[in-house]
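Q: What follows is a structure written as structure tokens; I'll ask about it next.
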Amino acid sequence: ISSMALLAAPAGASTLIIEGAGDGHGVGMSQYGALGYAKHGWTYQQILAHYYTGTTLGTTSAKTIIKVLVGSKVVKVPIERYVRGVVSAEMPSSWPMAALEAQAIASRTYALTTDAGGSQFDVYSDTRSQVYLGVAAETAATNSAVAATAGQVVTYDGKPATTYFFSSSGGMTENIENSFIGSTAQPWLRGVTDQY
């Protein structure tokens, strides 16, 4: 939040105006924050641990299938191929490897922990979930990041943790219950300082 001001109003009432910057819902990993941390020498493990409080890395099987709603059709995609079709659609492939690796793990974990379509499909192929463009999105750099982190997922208390991410925070991320009204507080989705 860049500035706050309390303005006087008639009859003793007051209005709180909060001004800030950022792009996205503010919960989980800030992609531009990951870029900044990667440029300052952080590893993908450090980036993920910063944004997802109290988490560790676990693994999932390469045999896992993700059901993706593409247009009006559900496509079944092996998880690693799915993540290859997401990373450069969500983050510029020219960014440092640590940022791309963090995105790969966040995207893989998100796909495992969401059920956007109930039993019919897991994720949308657009921003309602995360952008999936298939083979058309793949680049050498993003495929290297996916391969280097193959099977890795973010876990909390031994289970995959929903890994929301967004573009930029403006200096601080947000607790899930404050951004997604009606959501239950989650210990790994707590607001953290985001200096980049």
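The values are calculated or read from the model by the stated rules, or taken from the named source; none is laboratory data. Just so it is clear, the model here is predicted, and its values are computed rather than measured. Neighbour counts are summed over all protein chains in view; Cβ atoms, including those assigned to glycine, are modelled from backbone coordinates with ideal geometry. Heads up: the accessible areas ignore ligands, DNA and RNA and are worked out on the full protein's heavy atoms, side chains in. Shrake-Rupley method; radii C 1.70, N 1.55, O 1.52, S 1.80 Å.
Q: How much net charge surrounds Thr114 when only the other residues with a Cβ under 12 Å from the Cβ of Thr114 are counted, with Lys and Arg +1 and Asp and Glu -1?
A: Numbers: positive: Lys67, Arg108, Arg128; negative: Asp115, Asp122.
Net charge in that neighbourhood comes out at +1.
Q: Could you calculate the FRET efficiency of Gln120 with Thr56 from 1/(1 + (r/R0)^6), where r is the beta carbon distance between them and R0 is 30 Å, rounded to 0.05?
A: 0.45
Q: Could you tell me the calculated FRET efficiency between Ala147 and Val70, based on Cβ-Cβ distance and R0 = 25 angstrom, to the nearest 0.05?
A: 0.60
Q: Below 22 Å, Cα to Cα, which lysines can Lys67 reach? Residues fewer than 8 away in the same chain don't count.
A: Lys76, Lys159
Q: If the cut-off is a Cα-Cα distance under 12 Å, which aspartates and glutamates reach Lys63, setting aside same-chain residues fewer than 8 apart in sequence?
A: List returned: Glu80.
Q: While we're on this one: Residues with amide H under 5 Å of Met172's amide H, sequence separation 5 or more or different chain, H placed in the peptide plane at 1.01 Å from N; which?
A: Sorted by chain and number, the residues that satisfy this are Asp194.
Q: Let me ask something additional. Per-residue accessible area for Ser183 at 1.4 Å probe radius, Å² rounded to 10?
A: It works out to around 40 Å².
Q: Any chance you could list the semi-axes, whole Å, largest first, of the equivalent ellipsoid that the Cα gyration tensor gives for the stretch 23-120, using √(5λ)? The partial results should precede the final answer.
A: Values: eigenvalues 123, 42, 35 Å².
Taking √(5λ) for each Cα gyration eigenvalue gives 25, 14, 13 Å.
Q: Can you give me the P(r) profile for the stretch 111-175? Cα pairs, bins 5 angstrom wide beginning at 0, each as a whole percent.
A: Over the stretch 111-175, the share of Cα pairs per 5 Å bin runs 4, 12, 16, 22, 26, 16, 5, 0 percent.
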